[in-house]
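First the structure, in the form of structure tokens, and then the observations on it.
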Amino acid sequence: MKTLRVILGDQLTRGIASLRKAAAGDVVLMMEVVEEATCVPHHKQKIVFILSAMRHFAEMLRNEGLIVDYVRLDDPDNTGSFMREVVRAVRRHSPDRIEVTEPGEWRVLKSMRAWEREAGIPVIIHDDDRFFASRARFLEWAENRKSFRMEFSIARCGGKPAC
């Protein structure tokens, strides 16, 4: 089964869930898109730093023998959005499915949830296990709370966090 593995600019670690089971023939897709650079104001140096880190990470993955499809910001065919770049990559590589690790932003997650419909293949969104709690665990914890301040939870737990 050939998988398109999407890596975002803030997911540059070999241990990210969507890369752990990368197999021969899988394609890692990394994209520099205007949509992400302009959705909120960023310092120009921050954008340069992120793009540089992405390019170095892509090269590291290539050196490990992975196939990396890297869409640069200055690519004349760059469509400027994650959604359209994923659809283009599916056309180029004909994968059986897409795997991605959930993003840190709700706006991006909402877009990811539409990839399956737009690309016409299954999309698996892995939990981002780089954090203390998954979204599901947090929602369980937050369910009946009026405030999400940790000190209130610790006080009720006899000084022990996350009871």
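Each reported figure results from applying straightforward, stated rules to the coordinates on display, with no laboratory input. Nothing here was measured: the structure is a model prediction, and the numbers come from that model. Cβ: placed from backbone, ideal geometry, glycine included. Neighbour counts: every protein chain shown.
Observations on the structure shown:
- Considering only F49, F131, F148, the Gaussian network model of the chain with Cα springs below 10 Å gives its largest mean-square fluctuation to F148.
- GluC sites (Glu not before Pro) within the stretch 36-105, DSSP loop, no more than 13 other Cβ atoms inside 10 Å: E64
- Compared with the dominant principal axis of the Cα atoms in the chain, helix 44-63 is inclined by about 70°.
- Annotation: lysines with alpha-carbon distance below 30 angstrom to K2 (same-chain offsets under eight excluded): K21, K110.
- Translational D in µm²/s for the chain (Stokes-Einstein at 10 °C, 1.306 mPa s, Kirkwood Rh from C-alpha pairs): 91 µm²/s
- Here is the list for the stretch 68-135: trypsin sites (Lys or Arg not before Pro) lying in DSSP coil, each with at most 15 other C-beta atoms within 10 angstrom of its C-beta, are R72, R130.
- Highest-MSF residue in the chain out of L73, L29, L139 [GNM, Cα springs under 10 Å]: L139
- Between H42, H93, H56, the residue with the greatest mean-square fluctuation in the GNM of the chain (Cα pairs under 10 Å linked by springs) is H42.
- A DSSP coil position with no more than 16 other Cβ atoms inside 10 Å describes the following trypsin sites (Lys or Arg not before Pro) in the stretch 3-71: R14, R20, K21.
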